[in-house]
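Structure first, then comments.
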Amino acid sequence: MNTRAMGLTGAAALFVLAAACNNNPAPLAPAGGAGGGAGTTLQVMALSDAQSAAVLSALNSGEILVAQAVLPRLANADAEAFAQRMITEHGTLNQQAAALLMQLGITPQANAVSQALDANAQQVISQLSGMSGAALDLAYMNSQVQMHEQALGMLDCVVLNSVQNGTLRQFVMNTVRPGVIDHLASATSLVAALGGAQARVGTADGGTGADAGTADGGAVAGVTPECSLACLPPASGGLFPEPVAMAACTQP
């Protein structure tokens, strides 16, 4: 996250959805199902504040682990600088979040969503493991566009639809979210500078073929993901890789 923007404030609109995160997630709806069309309608789960805290930790830790895995093999100086930035800024944010959570008396609680995010980061590392040089530079930056699109969707459509503690909400809104948007803009610019189009390297479901930019396909600046897409399969425009969406979504 952007340490320049890191104050102690943060996160967006609240409407608590009825369902606990430890419920068994339903299979994803077919195309058109989540938006009120044909098929089973799914909606994002409501998380407790402790569960949301674990999701925030998973988002940050995943970025750090991916960056650490690829940094020694990157060839492009800007890609190297971006990876180091992910390690530094997400590490700082994790420290700030830990201090705030201790102050608030909230202990992060691992849950299906945070565990799916952890698994997705490991899948990205696996996908990038056999690559080096210029090919890795582009693949890593593609993964960063994708992971930050997913992070923005996770913040807006899951975490901020759940968090009830006002101080934690302000931290997510004013510190975490602006950092994600800033990282997404930087990653998108680097993909273009490296001469590539986004290939969705950074998804656990192995999907391909999405435009670089934002979760809703709009301009990076001020983007707000379309949360009605959150529970659609990736091939139908969903915001998350299949395992993450399955963990985050349930039948109403």
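The values are calculated or read from the model by the stated rules, or taken from the named source; none is laboratory data. These numbers come from a predicted model, not from an experiment. Reconstructed Cβ throughout: ideal geometry from the backbone, glycine too, with neighbour counts over all protein chains shown.
For the reader, a short list of remarks on this structure follows.
- Residue in segment 152-193 that is nearest to the chain's Cα centre (by Cα), counting only those that are surrounded by fewer than 22 Cβ atoms within 10 Å (Cβ to Cβ) and over 23 Å from M141 (Cα atoms): M173
- Boolean, V70 is closer than 29 Å to C249 by Cβ, touching a residue at least 12 places away in the same chain (Cβ under 8 Å), hydrophobic (A, V, I, L, M, F, W, C) and buried (at least 22 other Cβ atoms within 10 Å of the Cβ): no
- Residue tally, condition small (G, A, S) and either at pLDDT 90 or above or crowded, with 17+ Cβ neighbours inside 10 Å (or both), over segment 199-235: 9
- Within segment 181-192, residues that are in contact (Cβ under 8 Å) with a residue 24 or more places away in the chain have Cβ atoms under 6 Å from residues that are of a type in the set (G, A, S) in these pairs: T188/A212; T188/G213; V191/A212, counting only partners at least 6 apart in sequence or on another chain.
- Hey, I87 in a helix (DSSP H, G or I), in contact with a helix residue (DSSP H, G or I) (Cβ under 6 Å, 6 or more places away or on another chain) and surrounded by fewer than 19 Cβ atoms within 10 Å (Cβ to Cβ) or not: yes
- Which numbered condition H148 fails, given (1) crowded, with 24+ Cβ neighbours inside 10 Å; (2) of a type outside the set (D, E, K, R); (3) in contact (Cβ under 8 Å) with a residue 60 or more places away in the chain: (3)
- Hits in segment 40-89 - residues which are among the polar types (S, T, N, Q) and closer than 15 Å to V176 by Cα: S52, S57, N60, S61, T88
- Unmet requirement for T107, which otherwise passes all of (1) in a loop (DSSP other than H, G, I, E, B); (2) buried (at least 17 other Cβ atoms within 10 Å of the Cβ): (2)
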